[in-house]
4 protein chains.
Amino acid sequence: MTEGRIPAAILGAGGYIGQHFARLLADHPTFEPLVLGAGERSGGRALEDLWQLTEAIPPDLARVRLSPASPRSLAASGIRVAFSALPSGTAGPIESELARRGISVFTNAADHRMDPRVPLLVPEVNREQLLLARRQPRRGGIVVANANCSTTGLVLALRPVWSRLAPRAVHASTYQALSGAGYPGVPSLTITDNVVPFIREEEEKVARESAKILGTVRGSRVRPDETPFLVHCARVATREGHLEAVTVEATRRPDRAELLRRWSTFDPLSAFALPTAPHPPVELRREVDRPQPLRDRWAGHPTRARGMAAVVGRVRWDPPFLRFYTLSHNAVRGGAGGSVLNAELALALGVLRPDGRRAP
Amino acid sequence: MTEGRIPAAILGAGGYIGQHFARLLADHPTFEPLVLGAGERSGGRALEDLWQLTEAIPPDLARVRLSPASPRSLAASGIRVAFSALPSGTAGPIESELARRGISVFTNAADHRMDPRVPLLVPEVNREQLLLARRQPRRGGIVVANANCSTTGLVLALRPVWSRLAPRAVHASTYQALSGAGYPGVPSLTITDNVVPFIREEEEKVARESAKILGTVRGSRVRPDETPFLVHCARVATREGHLEAVTVEATRRPDRAELLRRWSTFDPLSAFALPTAPHPPVELRREVDRPQPLRDRWAGHPTRARGMAAVVGRVRWDPPFLRFYTLSHNAVRGGAGGSVLNAELALALGVLRPDGRRAP
Amino acid sequence: MTEGRIPAAILGAGGYIGQHFARLLADHPTFEPLVLGAGERSGGRALEDLWQLTEAIPPDLARVRLSPASPRSLAASGIRVAFSALPSGTAGPIESELARRGISVFTNAADHRMDPRVPLLVPEVNREQLLLARRQPRRGGIVVANANCSTTGLVLALRPVWSRLAPRAVHASTYQALSGAGYPGVPSLTITDNVVPFIREEEEKVARESAKILGTVRGSRVRPDETPFLVHCARVATREGHLEAVTVEATRRPDRAELLRRWSTFDPLSAFALPTAPHPPVELRREVDRPQPLRDRWAGHPTRARGMAAVVGRVRWDPPFLRFYTLSHNAVRGGAGGSVLNAELALALGVLRPDGRRAP
Amino acid sequence: MTEGRIPAAILGAGGYIGQHFARLLADHPTFEPLVLGAGERSGGRALEDLWQLTEAIPPDLARVRLSPASPRSLAASGIRVAFSALPSGTAGPIESELARRGISVFTNAADHRMDPRVPLLVPEVNREQLLLARRQPRRGGIVVANANCSTTGLVLALRPVWSRLAPRAVHASTYQALSGAGYPGVPSLTITDNVVPFIREEEEKVARESAKILGTVRGSRVRPDETPFLVHCARVATREGHLEAVTVEATRRPDRAELLRRWSTFDPLSAFALPTAPHPPVELRREVDRPQPLRDRWAGHPTRARGMAAVVGRVRWDPPFLRFYTLSHNAVRGGAGGSVLNAELALALGVLRPDGRRAP
């Protein structure tokens, strides 16, 4: 255990999001991934035998074997923080049990996202939502969820212009990457030379999660935003990076230059030194044909924040309708990276103490 | 020349749409493709040497050589009808000259689409628009345009429910196939593992063509529909079949059953015996994940009308918002097949005489 | 039951090969598919709910429900012939039991292929191998296997030139389609922008099956051919159609014209009226860039034999090395269609009686 | 101009290989790319406007404008070394003229490869071939060519085991990436759901270049190796990385362990400190399903040598037949990187002086 790093576990480390957690945390300055928790299929196997990413496997973790990792054993071995890539459905009770045992959980799973006591956190968008965690039991760890992959890119792109537009409605159509379905995920015969205009529960998630994320925190409660989100979710044959076509119907009419300036200057985390935070968090492209999954999925500076920025382009402002495309890396910004950033923020804001325990 | 078939030419027969014209007309009961007109690259070559489609080449046309085919020579050789797959930009003057020489033109090119005297015709949607042709010079042939490929599928899907919804706005995002850009078209390095969120002029075309098609004919003038169309056009890595995610904001609230019934029973051409007309023209799918380009691109009955039907699915009606997907074959329904059907309608309505000449 | 058609069952009808059996047999003049046997996942569901092919589902079978279909129940209901798309491993005992109960089995499964009593039959290549069935028990049905998908295309292409070249060795590298792995088969994340140079057991199958198919029948035994086959098997991102690069090192030196003539005139089944037999069985292409999976996978005349022909092209003869490519449809010629043709041949040669029972 | 770096030009900098040259040379310790030469289409445009690679553009070169760059102007401005990505056909005379003017040329073009005075150099394979340059005119620069992309990976994989096997024949079938055809290159409609079994001149290049590379240098002449190479070249839908299935028919029978050891320990440049040299140059993989283009195209250590190693896997040794797959990055190892490494070697061996001039 490295001096000063917080002992951490990755749950569901064998899956696609779990592997991105491993990649992001292997040399993380604050968290040290000491345990790689296994799902059913991967117990006992080394991470390198499961590796699906095209990025290089972190050498320090390559030969670590995945283990069953119960909440009890994790607590006993001194783990303070768990990053959860557990499948939705099974994640919920395990994450609750971890919190009861004093381990804070930063999760990509959907189970707790709509829980009124759980922050649904996109740090650049709604960091005040960490206040919700006050309602979680005092003696345990906290549970903080990142948003669905399509939701994350959307709210990041919307936040800089949201209040200025005061939207009447938001329309979004997604072009979602294969990796959004995990591995083995989408059969090649299903998607080669095809688009599948359906992803189970996805449209509902985008609508309800956006409402919570863009909602207003009052005390330790959130009042959801009421703007209707009209969403279509489709799968296309790209490996990584969710593209979204967005139309906002506005009730106000700022000029175009102001909108571009709001996007360009948006950087609400600039005062925090969060290792995984991209600066800027929204990259604005002026070319006629960007963003593109192939070219923009790894947007984000500095190097540690690659894949953490949303990219906005093709801005067309015909009041009252604002149209643009946004793209973000579904497995990084919209997955593992989102939760890593959430944990960094919780430390920076003092919700967690430097040793990873919950602040009193 | 077969007894009773109208002597016809295909202009730009070497291109992707031109080849679909050849496929559709080779054994057409009414039109006989006697001349295959060449673009710059294909003159003198046999159709079989240029064939790009995966469908079989029509045996009767395989060895026909493409020729330069000037309006003068076509008129001299007794051609009465020209099907034009000429590239937009060069098509306009040639098509006008053909009409001056008495040859009626059914064109896929964009040049004449917004001409107030030219019907922008989707037979099931606005057959009354053939009246516009009255304003074209009496002594020549007529020019009739089919709509842009994305527009065609959209208006077909909208027409059955249009008046009942009285839309306040229409939102559409496209997932357009590679063949929409013709051949050689999109480089493989551009699109493999990618989506390109830009197709030049396409969004503008969908908006303005939809307004004309859905407009109201008064005398021989059309008053464009004023509903705003908010469109995003993107290219995906499918071979054929444009998918579109559509949201209509309605001002009326019919019940869901009525909407489905309107789609299911829509067949305004049922009384005409048009060889290439699909019955029904809109196929409604109830599965959760349809329409899909791979599975639905060739929709359309009877056999001759394969690829001529629009397929609508995933209908979600949350008043005032109606969401659905629609799919149609860009090169058939939204291209060559559209103009063949237009010509069949012009004959059926007596705008052309049975010998292919313009009716007096 | 249609007058005169032989009552047949399709086993494993819900899978990719099973669906091709359904497509080929739905309107077959000789066999009538009365039972669709289910695997574990598909029992009780209608064929249309399982349909994965892009070809249209046969209307007569669309609503037929798949059933467990034990050998006992099939025999009791008068089934005479079973077409088996059961997974290798489970197929063997079931097929043996079917034969014991008097039902003849034409199978795509690998289990019985190397059994010395079972014909490994590619009708144009080794129809004499039907003699092997004599050694199967007199009182039951017979079991006849079609070859592995890669093997089938290879031996079809080799047969016309085989004896004239008297090969010293055969080298083959495959470019195999996704559907060769069935459904769900290859994950899209595995193969998008990739080639996988490994297909379990495939290289071994090609080598040993080719040896049996090209072997010599002596009495009712086959002496395997001893030419070494050096094979590489790789998966590429095509939907259907296995391409193979073949080099034959010859010990004889016929001239090029003779080789081409042997391919062009090869049609050993021309005297039989087998409904699914392609004429010619090997199509020779002269273009510089054929065969291609996209364009040639459905080769085969007449219509019922689409996908049944092998296509040979790019013939380069630099003695002693003959190089060419061959392509055949893995699921039709190299799967369901192969067994349908085998059954047709067994009837034509009198191994089965016209009522589908084994000839005495 | 940085102290001590050799003034260099990149010719054809706007193309796919040219951009890889720019990427590799931007921060190269020895060569400084001062001029980006344009082809016809790219003159006057900034590199960033032409950028096609998915890797980040080097910031220092992003805004450099491409210029016509005649040999005369390059010589006048003090350029000592030119890296040529000019198209074959036009490259030859320009490269000769550059050499006459004292500029040494390291070229990816095919024009000079078979010239008996031009080294066809793969440093790990045949560095003695630099001696051929002695026959080039004393007073000018030298011309050194890298091999064709498919050839490079093949000879790298063969070299470690070549003399031990003493091959009777080599068989290779390629699975070549889209980028091998440059940009725009292969149309997406040609290759989506397809394989194209033809690449013009490619098979001939592999055979004749391999013979030269593996030949014997006597004085300043090379006697080509006479082993027959039987090659099939096909294009598949991968972005980068040429995979090759190789069978060597050997005349000797080393044991398997020895072959693996020869590959594993092969590193003939270990004594040279060449910045772009990969160590090891051949990476041996033991998994059953490697190498794969998606996972192995960027093989090569240290970081500067990413994409420079060949990856060998699936070794099957059934004497006398050795089968394996090899993969290398076509545009890096088999293109720009090959020539950069060639230039580094020429400096290290003193063929060029430290200032980039030809050694006397």
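The values are calculated or read from the model by the stated rules, or taken from the named source; none is laboratory data. The model shown is predicted, which means the values in this text are computed figures rather than measured ones. In this analysis, Cβ positions are derived from the backbone assuming ideal geometry, glycine residues included, and neighbour counts consider all displayed protein chains.
See the values below:
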item	result
Scan of region A:67-84 for residues that are in contact with a Gly (Cβ under 9 Å, 6 or more places away or on another chain), free of Cβ contacts under 8 Å to residues at least 60 places away in the same chain and of a type in the set (A, V, I, L, M, F, W, C), ordered by number	A:A75
Within region B:134-173, tally of residues that are in a helix (DSSP H, G or I), under 18 Å from the mean Cα position of the chain (by Cα) and among the small types (G, A, S)	3
Of residues in region B:224-242 being over 16 Å from B:N194 (Cα atoms) and assigned to a loop (DSSP other than H, G, I, E, B), the one nearest to the other protein chains (Cβ to nearest Cβ)	B:P228
Subset of region A:92-133 [among the charged types (D, E, K, R) and either out of contact with any Lys or Arg (no Cβ under 9 Å at 6 or more places or on another chain) or closer than 20 Å to A:G215 by Cα (or both)]	A:E95, A:D111, A:R113, A:D115, A:R117, A:E124, A:R127, A:E128
Any hit, region C:132-142, residues being crowded, with 21+ Cβ neighbours inside 10 Å, more than 10 Å from chain D (Cβ to nearest Cβ) and under 22 Å from C:N330 (Cβ atoms)	no
Of all residues making up region A:174-209, the number that are in a helix (DSSP H, G or I), β-branched (V, I, T) and over 30 Å from C:G241 (Cα atoms)	1
Elements of type strands (runs of 3 or more DSSP E) in region C:19-118, at least 1 residues being more than 30 Å from B:E287 (Cβ to Cβ) and touching an Asp or Glu at 6+ places or on another chain (Cβ under 7 Å)	C:104-107
Whichever residue in region A:20-53 is polar (S, T, N, Q) and touching a residue at least 60 places away in the same chain (Cβ under 8 Å) and, among such residues, is farthest from A:E95 (Cα to Cα)	A:Q52
Enumeration of residues in region B:162-185 that are in contact (Cβ under 8 Å) with a residue 24 or more places away in the chain, more than 12 Å from chain A (Cβ to nearest Cβ) and of a type in the set (S, T, Y)	B:Y183
Boolean, B:A13 is out of contact with any Lys or Arg (no Cβ under 6 Å at 6 or more places or on another chain), closer than 18 Å to B:P68 by Cβ and small (G, A, S)	yes
Criterion (under 21 Å from the mean Cα position of the chain (by Cα) and surrounded by fewer than 21 Cβ atoms within 10 Å (Cβ to Cβ)) met by exactly one of D:L86, D:L53, D:L25	D:L53
Extreme residue, surrounded by the fewest Cβ atoms within 10 Å (Cβ to Cβ), among residues of region D:186-210 that are touching a helix residue (DSSP H, G or I) at 6+ places or on another chain (Cβ under 6 Å) and either at positive phi or away from chain C (no Cβ under 13 Å) (or both)	D:D193
Conditions (1) farther than 14 Å from D:T151 by Cα; (2) in contact with a strand residue (DSSP E or B) (Cβ under 7 Å, 6 or more places away or on another chain); (3) buried (at least 17 other Cβ atoms within 10 Å of the Cβ); number of the one not met by D:C233	(1)
Those residues of region B:108-122 which are surrounded by 23 or more Cβ atoms within 10 Å (Cβ to Cβ) and within 19 Å of B:A359 (Cα to Cα), in sequence order	B:V118, B:P119, B:L121
Among the residues listed as C:A172, C:A157, C:A166, the single one being under 25 Å from C:F21 (Cβ atoms) and at pLDDT 95 or above	C:A157
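Each row is one residue, and each column tells you yes or no for (1) in the same structural domain as D:L178 (by TED's automatic domain parsing); (2) more than 24 Å from A:E48 (Cα to Cα); (3) not hydrophobic (A, V, I, L, M, F, W, C).
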| site | (1), (2), (3) |
| --- | --- |
| D:R256 | yes, yes, yes |
| D:R262 | yes, yes, yes |
| D:L269 | yes, yes, no |
| D:P275 | yes, yes, yes |
| D:P291 | yes, no, yes |
| D:D296 | yes, no, yes |
| D:A299 | yes, no, no |
